[in-house]
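A.B. asks: Handing you a structure now.
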Amino acid sequence: MDNNTHLKPLLIRASAGTGKTYQLTGRLLRILLGGAAPDSVIATTFTRKAAGEILTRLLRLLAGAAIDKTGNARRELAEQTGLTGVTAEQCLTLTHGLLRDIHRLRVLTLDSLFSQLARSFSYEIGVPPGWRLSDEIEEMAIRQSAVDAMLDGLPAGDLLAILAQLGKGEMRRSVRDDMLRVINDGYQVSRGSKESAWDSLAVPSEPDETAYRQATLTLCDADVGHKSADLNLRKLGERLALRLWEEIENTDLVLKARALRPSEELTYYRKQLSAEIISALRVAAEGLRTHVLGLLRAQTVATGRVIIAYDVEVNTIKQTARAFSFDDIAHRLAQSLTPYSMDQVATRMDGAIEHLLLDEFQDTAPVQWSVLKPIAKKAASADGDGSFFCVGDGKQAIYGWRGGVAEIFDAVGDQIEGIEQRGQNTSFRSSPVVIEAVNQIFKQLHRHPVATDDDGDAMTQAMRDSLLRFESAFPIHDSARPELSGYVSVRTSDAEGDTAAQRKLTHLRYTVSQVQSAAKAYPACSIGVLTRTNGSVAWLIQMLRVAGVDVSQEGGNPLTDSAAVELVLSCLMMPEHPGDLRWAFHVASSPLAPWLALSDFNNAHAAAGRLRRMVEDDGIARTVETIAGQLVEHCDEGDALRLRQLVYLAQQYETNRGPRIADFVNVVHQKRIEKPRAAQVRVMTIHQAKGLEFDIVVLPELDGDLVRPLGGTIALRDAIDQPPKALLRSLRQSMWPMLPQVWQRQFGDELRSKFTESLCLLYVALTRPRRWLDVIVQPSQKQTQPKSKTASALLYHATAAQCDATTHCQTWFELGDRQWESDQHRPAQSLFGTL
């Protein structure tokens, strides 16, 4: 049997549905069967569900091989692990050993691993005893408290100056919202940077007064032989004299003059401009550059002041509450663990980490990799007995908003010496028809008109580069499921209306009718409806329910989808706002009215007082349980379930409750809780569909722009896993030529990265179905052949559609057998068993 010392570091680029979990489980089994101690192995993934699945598969495979008398299970085990000569006795011994010491086999999420590291180095990273990980709801409350504390601590003069700088001299009324927006846009990207990073932009000197005066006279006296041209040049001269930079900023001629090469000519209204006029325009451009960069620098410095002050306040609150987010822990580990050797880490962790396995690696943020990298290098070292393995897919890197970047794969390839890289592109999920459609779309991205546009703006250039790179790197997929028939269609809906909102509403109605028909026709099939936005999820769920379709939402819904829960919350809000009779009216019109003696509004204050005393005496959880007990006999099964879940949520909340009853009500409105049974039709965003698969997938929302203009804060780094060395607020694209070259490149890279992530999102959406992919797009509004920067336009050109894109209910593309349902009741077999 092969020895683990022969395991080379390995990186697998595994496309969608090709068996990432299969590969990781096989590698883990190989390590354990080779004699490695369970506590020397760490295998990480991103969800508890995935970690549980890996552990379950491992134990089932071992147990099956131990009791199998035919030898088939051991042959499959040998194929999966690459080991030969594994006996039933070895499998049985390892199974018993793992079950005895299951707590020592660390198959866990990244946050669990980082929590273990943080508890081992709690003093070094500066977290107090008894600290815990906070959830999203608590994080939101902490952020708001930190902003309030920051605003209270800033002198009024400083606050007004910062707000003026942030708003380009304009003052808004919502100070708190402005601060939260700035923090949300810049805090995460700037973490780990030095204070000086916020003041790294050099602002050039502006032309002197003599140059301004001469340029003004030249423009005001311009005579190029065209009435409109002369008038516009004179207006420009007047604006230059008054330094009206905001108006000059919108003059394309100034930017063209600045970008002009020495040998090139410049025409205006088809009239050639003289060297004197071009020189004057360049003076205006240099003055504008000084103004734009000066303002940008002031905005960036002000942003830095806000974020630095916020960082102090938020860390103070978190230290007091002993509650930290996963990102907090990752950044503290990245900053504090560097001086420690892996032997010291092993001592603190009560065991050396000799074998490291990473799943879904494309979702790993650079700061997380900076923590894992020393462990990975030690495990991958050629002179040790350990091993390093990671698997993922750069084409599925869709979590840029939380730090994940597709380029992380390249960092591993560069930083882990001697690592072997493999591709894995045979799908065990989708039918050959679906895979063929995916290949055709992503190998024909160059057909979009933007791919041949060399003269477009920065957005066009970024999209062109992203399309061509993605297509070039895209590997041809194939299917391991030749027995599966399938069908793919791309078609328009009957969306109509005078406004975008009306067209979207009719488009969603059409989608609902199609989903309803599919659910009735194929009751044995799972259906996933995937959207780009949460807003569309809410609309579709409501519309499908009205249509009588059994539907649920991935990740669950807030408990407020139950009328009974809403009634309990109204009871809780009565003592919180006694003068607001909305809550009393709701309760008075319900079965709870007799219990609270709430016959009319005259005794609403008395009822609110009883509820207040109940909360003060018994607590939130017991009060919720009491109210739910009075209500449950009037509820159906669904509402009764939601009430039980509300009581459980209240019990969890009680351990770390806020000072106000409304704090709990806010938690109920925001916390998503799944129902135990998943419906046939599940509606979710494409992000939430990552890792899932369905018999039928409907994509109704591919009409929005692939990328919005850059916003927030842009970071400049020496390496992907290094903290920012310089930071800059975003700038509108027309002004990018004013930036230094290094920042122009960085802004362009950021835009290309966002386009690539949008392509990844499209890839994830198209690879979720097993059998039927139904793409429903809104008819184009303007061109018969759409040129917009949308996913629907990409599909139109990549599928070589020949029809008019503005036509309603028109099929752009179809592939496969529309009668694929003939074998729908046949269990879909995969490498992992029946799906």
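The values are calculated or read from the model by the stated rules, or taken from the named source; none is laboratory data. Predicted, not measured: the structure shown is a model, and the values here were computed from it. With ideal geometry, Cβ positions are generated from the backbone for all residues, glycine too; neighbour counts draw on all protein chains shown. Surface areas here come from the heavy atoms of the whole protein model, side chains and all, with no ligands, DNA or RNA. Shrake-Rupley method; radii C 1.70, N 1.55, O 1.52, S 1.80 Å.
A.B. asks: Leaving out ligands and nucleic acids, note down the accessible area per residue over the chain with a 1.4 angstrom probe, in whole Å².
C.D. replies: 46
A.B. asks: Given the DSSP H assignment, sum -39500 (n - 2.57) over each helix run of at least 4 residues in the chain and divide by its residue total; what's the result at 222 nm in deg cm²/dmol, nearest 500?
C.D. replies: -16500 deg cm²/dmol
A.B. asks: Contour minus end-to-end for N656 and D101, with contour as 0.36 nm per residue of separation and end-to-end as the Cα-Cα distance?
C.D. replies: 196.5 nm
A.B. asks: If you find the alpha carbon centre of the stretch 642-700 and of the stretch 561-590, how far apart are they in angstrom?
C.D. replies: So the two Cα centres are separated by 22 Å.
A.B. asks: How high is the relative contact order of the chain, in percent, counting Cα pairs under 8 Å that sit 6 or more residues apart?
C.D. replies: Dividing the mean separation by the residue count of the chain yields 18 percent.
A.B. asks: Rounded to whole Å, give me the distance from the Cα center of the stretch 342-415 to that of the stretch 174-209.
C.D. replies: Going from one Cα centre to the other spans 32 Å.
A.B. asks: Follow-up. Report, in degrees rounded to the nearest 10, the 0 to 90 angle that the Cα long axis of helix 366-380 makes with the longest principal axis of the chain.
C.D. replies: Rounded to the nearest ten degrees, it is 50.
A.B. asks: With unit charges on the beta carbons (Lys and Arg positive, Asp and Glu negative) and the dipole taken about the Cα centre of the chain, which residue among W198, V632, T267 sits farthest to the positive side?
C.D. replies: The listed residue farthest towards the positive side: V632.
A.B. asks: Sticking with this structure for a sec: From the C-alpha coordinates alone, can you work out the Kirkwood hydrodynamic radius of the chain, in Å?
C.D. replies: 30.9
A.B. asks: Right, next: How far is helix 88-100 tilted off the main Cα axis of the chain, in degrees rounded to 10, range 0 to 90?
C.D. replies: For helix 88-100, the angle is close to 70 degrees.
A.B. asks: Tell me whether the stretch 715-784 comes out rounded, prolate or oblate; compute the Cα gyration tensor, take square roots of the eigenvalues as a ≥ b ≥ c, and use a/c under 1.5 as the rounded threshold.
C.D. replies: oblate
A.B. asks: What does the net charge come to around L98 if you take all other residues with beta carbon closer than 14 Å to its beta carbon, with K and R at +1 and D and E at -1?
C.D. replies: That sum, taken over residues with Cβ under 14 Å, equals +3.
A.B. asks: For a quick check: with amide H placed at 1.01 Å from N, whose amide H comes under 5 Å from K271's, ignoring anything fewer than 5 positions away on the same chain?
C.D. replies: Amide H neighbours of K271, under 5 Å, 5+ apart: none.
A.B. asks: Let me ask something else. On C-alpha positions alone, give me the angle between the axis of helix 136-153 and the longest principal axis of the chain, in degrees, nearest 10.
C.D. replies: Roughly 40 degrees, rounded to the nearest 10.
A.B. asks: Let me ask something else. Report the charge-dipole magnitude of the stretch 243-320 in Debye, nearest 20, computed about the Cα centre from +1 at each Lys and Arg Cβ and -1 at each Asp and Glu Cβ.
C.D. replies: 120
A.B. asks: While we're here: Let me cross-check E286: its accessible surface, 1.4 Å probe, with only protein heavy atoms counted, in Å² to the nearest 10?
C.D. replies: Using a 1.4 Å probe on the heavy atoms, I get roughly 70 Å².
A.B. asks: Run down the lysines and flag those whose C-alpha is under 22 Å from the C-alpha of K789, throwing out any fewer than 8 positions away in its chain.
C.D. replies: K395, K443, K504, K754
A.B. asks: Summing Lys, Arg as +1 and Asp, Glu as -1, what charge do residues with Cβ under 12 Å from the Cβ of I54 carry, I54 excluded?
C.D. replies: Overall, the nearby charge balance is +4.
A.B. asks: Taking a quarter of the surface of the Cα convex hull of the stretch 1-143, what do you get in nm²?
C.D. replies: Reported value for the Cα convex hull: 11.6 nm².
A.B. asks: Charges at C-beta only: +1 for Lys and Arg, -1 for Asp and Glu. How large is the resulting dipole of the chain about its Cα centre, in Debye rounded to 20?
C.D. replies: Value, rounded to 20: 520 debye.
A.B. asks: Rank these residues by their accessible area, most exposed first, probe 1.4 Å: C635, C760.
C.D. replies: Ranked from most to least accessible, the order is C635, C760.
A.B. asks: Right, another one. What order, most packed first, do the peptides 261-273, 435-447 have when packing is the mean number of other Cβ atoms within 10 Å of each residue?
C.D. replies: Highest to lowest by the protection proxy: 435-447, 261-273.
A.B. asks: Follow-up. Sorted by accessible area (1.4 Å probe), largest first, how do D111, D749, D152 line up?
C.D. replies: Accessible-area ranking of D111, D749, D152, largest first: D152, D749, D111.
A.B. asks: Sorted by accessible area with a 1.4 angstrom probe, largest first, how do E701, E136 fall?
C.D. replies: Descending order: E136, E701.
A.B. asks: How much accessible surface area, in Å² rounded to 10, belongs to the heavy atoms of S590 with a 1.4 Å probe?
C.D. replies: So the heavy atoms of S590 present about 20 Å² to solvent.
A.B. asks: So how exposed is S370, as accessible area in Å² (1.4 Å probe, rounded to 10)?
C.D. replies: Ignoring ligands and nucleic acids, S370 comes out at about 30 Å².
A.B. asks: If you don't mind, there's one more thing I want to ask. Which one of M459, I307, V175 has its Cα pushed farthest toward the positive end of the charge dipole of the chain, where Lys and Arg give +1 and Asp and Glu give -1 at the Cβ?
C.D. replies: With unit charges placed on the Cβ atoms, the residue in question is M459.
A.B. asks: Sequence-distant or interchain residues sharing an amide H contact under 5 Å with L358, placed H: which?
C.D. replies: HN-HN under 5 Å from L358: T44, F389, C390, V391.
A.B. asks: Rounded if a/c is under 1.5, else prolate if a/b beats b/c, else oblate: with a ≥ b ≥ c from the C-alpha gyration tensor eigenvalues square-rooted, which is the stretch 418-488?
C.D. replies: oblate
A.B. asks: At a 1.4 Å probe radius, carbon and sulfur cover how many percent of the accessible area of the chain?
C.D. replies: Accessible surface attributable to carbon and sulfur in the chain totals 48 percent.
A.B. asks: Here's something else I'd like to know. Mind running the shape call on the stretch 612-671? Use the C-alpha gyration tensor, a ≥ b ≥ c as the square roots of the eigenvalues: rounded below 1.5 for a/c, prolate if a/b tops b/c, oblate otherwise.
C.D. replies: oblate
A.B. asks: If you take the Cα Rg of the stretch 552-616 and divide it by 2.2 N^0.38 Å, with N the number of residues, what do you get?
C.D. replies: 1.21
A.B. asks: Also, I was wondering about something else. Which of the lysines could be linked to K8 by a straight reach, that is with a Cα gap under 16 Å, when you skip same-chain ones fewer than 8 residues away?
C.D. replies: K377, K378
A.B. asks: So what does the Cα-only Debye profile of the stretch 637-764 read at q = 0.20 Å⁻¹, as log10 I(q)/I(0), no solvent term?
C.D. replies: These q points yield log10 I(q)/I(0) values of -1.09.
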